[in-house]
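Just below is one structure, and these are the notes that go with it.
No lab work stands behind these numbers, since they all come straight from the coordinates. This one's a predicted model, so the numbers in the text were calculated from it and none came from an experiment. Cβ coordinates were reconstructed from backbone atoms using ideal geometry, including for glycine residues, and neighbour counts include every protein chain displayed.
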Amino acid sequence: MQEYCISLRNITKKYPGVVALDDVSLDFMPGEVHALMGENGAGKSTLIKAVAGAIKIDAGLIVVNEKEYSEMTPKIASENGIQVIYQELNLVNGMSVMDNVFAGIPPCIYGFLLDTKSMEKQTYEIFERLDVSIDPKALVASLPTAYQQMVEIGKALVRNPKVLVMDEPTSVLSNKEVDILFKAIKRLQTEGVTIIYISHRIEEVFRIADRISVMRDGQYVTTQRIDDIDRTGLIRYMVGREFAENYPGSGAEIGEVMLEAKDLSGVGFENVSFKLSRGEILGFAGLVGAGRTEVAHGIIGSTPIYSGEIMVKGVPVHFKSPAEAIRAGIALLPEDRKMQGLVLALSVQMNADIAALDKVSRYGVINSKKDDALLKEYVDKLKIKTPTVKREVQTLSGGNQQKVVLAKWLSSSCDIFIFDEPTRGIDVGAKQEIYRLICELARGGKAILMISSDMEELLGMSDRIVVMCEGRQTGELISRDQFDQHTVLEYASGQS
């Protein structure tokens, strides 16, 4: 199996104003789970794109199957058994599960007739191997995000990978689904498959990895066996300094009720009631499919409300569109920042301006001085790493993209902020900055509703926690002295 080991030698990749990879050398051994760690912007995603042939390197060699390549292509990577599961889903929603799994390599009879029976059978066997139940004929669009992630994994497995790169594969999975994925990884490992595993969830890495390599600012830092490093040491390598993880706590004074839902029912949820006050951080807990995101979208008018009442600052409202909710002072930072929170092809500046055009323009003409001053304030405050604000936002790392979403809404006049998975897919350093900003908003009199699948984050940041299961509100922890992970999980699984 040695031929499937990958060696990277002096890999360099430059973009205008940025050195994404700076003379990186790294080895991946056959049959190991090798975690690749680092803060957002460290160069991890650029490195795996180089391995997969998705980008052209400027210098260096990629050695695969005892052959040296100065220019890797997707075709060469595939021929050498390299498959990548990217953080962003790459599926066709209007096609069936099995059509997505076999995209580009459909089995045929007589060389031209599509063998749908074989496709269905093999797709079923792949998901049986992963221990998940997904109908091969179902439309991908009909699946929850967690199952769409499983389809991505199935699409890679049908190609019999020898090297499988997973970029944040658990970001949308429940704890149970993470366990299923890890079992599948262990099975692949016993078959000699090399797993390159990228995650910001440090606890996962210590569960699954054999070795850890750390990158920082485009440079290789170190490789350690998992038994030779602890969490504190890993974070120190990642951030380049002593770093204490903590939840700052807002210490905000709780004021009047800003948002209230009474027996609210809509798409994917029913009979949800809660109050959110000025200065409060209200956590929403639940497993994948619990209906938390659906409640947020119902509140802002992006999906219909069937019954119940929403009140903003004591006034009954019924938003027919998100635009109406924004005018009423409600901002939603969505779970899927790329599809719903940003216009990727536009610049950092244009994305940040979207919610604040009234502040920087007059009679439809943008005042460039006001615009530049406002943007500089939030770029500095949020520590957005970009060579220029004219840079397309799609070129930034995930954490910096999330900060651009924040900049957009901080520049608005909203008083109620709904954060849906605010730290998903971002590194430990960026998380601390997001936590600090959320607490600053609360201290500034804003009302915060925070949806999160990170249990530690919920318990550490929230003043109260509402728990949901299968579209219903199953419990509420009304003060921090009631906070307990076991209790939240009981409510979230419908056991209480």
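Points worth noting:
- Spin-label pair Val315-Asp454: with each label point 7 Å from Cα along the Cα-Cβ axis, the two points sit 3.6 nm from one another.
- Listed residues Tyr110, Ala184, Ala50: farthest to the positive end of the dipole of region 2-239 (Cβ charges): Tyr110
- Full extension of the chain between Val92 and Glu256 yields a length gain of 54.5 nm, computed as 0.36 nm times the residue separation minus the alpha carbon distance.
- Region 44-130: trypsin sites (Lys or Arg not before Pro) in DSSP coil with no more than 13 other Cβ atoms inside 10 Å: Lys56
- In this label model, Glu66 and Asn367 are separated by 7.0 nm, measuring between points 7 Å along each Cα→Cβ vector.
- Answer label, with semi-axes √(5λ) of the Cα gyration tensor in Å calculated from the coordinates and candidates (i) 38, 28, 23; (ii) 32, 29, 21; (iii) 39, 25, 24: (i)
- Residues in region 44-73 that a label on Val19 would reach, taking backbone N under 17 Å of a point 7 Å out along Cα→Cβ: 44, 46-47, 57-61
- Magnitude of the charge dipole for region 257-492, about its Cα centre and with charges confined to Cβ atoms of Lys, Arg (+1) and Asp, Glu (-1), is about 1100 debye.
- Long hydrophobic helices in the chain: the complete DSSP H runs spanning 20 Å or more by Cα along their own axis with mean Kyte-Doolittle hydropathy of at least 0.0 are 428-443.
- Calculated FRET efficiency for the pair Glu490/Glu203, C-beta based, R₀ 22 Å, to 0.05: 0.55
- For a straight C-alpha distance cut-off of 18 angstrom, the lysines reachable from Lys385 (same-chain residues fewer than eight places away being disregarded) are Lys13, Lys14, Lys44, Lys338, Lys376, Lys403, Lys408, Lys431.
- Charge tally around Ser273: other residues with Cβ under 12 Å, Lys/Arg +1 each, Asp/Glu -1 each, net -2.
- Proximal aspartates and glutamates relative to Lys56, as straight alpha-carbon distance under 15 Å, when same-chain residues fewer than 8 apart are discounted: Asp22, Asp23, Glu68, Glu71
- Positive minus negative residues near Gln189 (Lys, Arg vs Asp, Glu; Cβ under 9 Å): -1
- Using a Förster distance of 30 Å, the FRET efficiency for Asp179-Glu79 (Cβ separation, nearest 0.05): 0.35
- Rounded FRET efficiency, nearest 0.05, which uses the C-beta distance separating Ile354 from Arg236 and R0 of 56 Å: 0.90
- Gln394-Arg443 pseudo-label distance in nm [points 7 Å out on the Cα-to-Cβ vector]: 3.9 nm
- Ellipticity estimate at 222 nm from DSSP helix runs (n ≥ 4, -39,500 (n - 2.57)) divided over the chain, nearest 500: -9500 deg cm²/dmol
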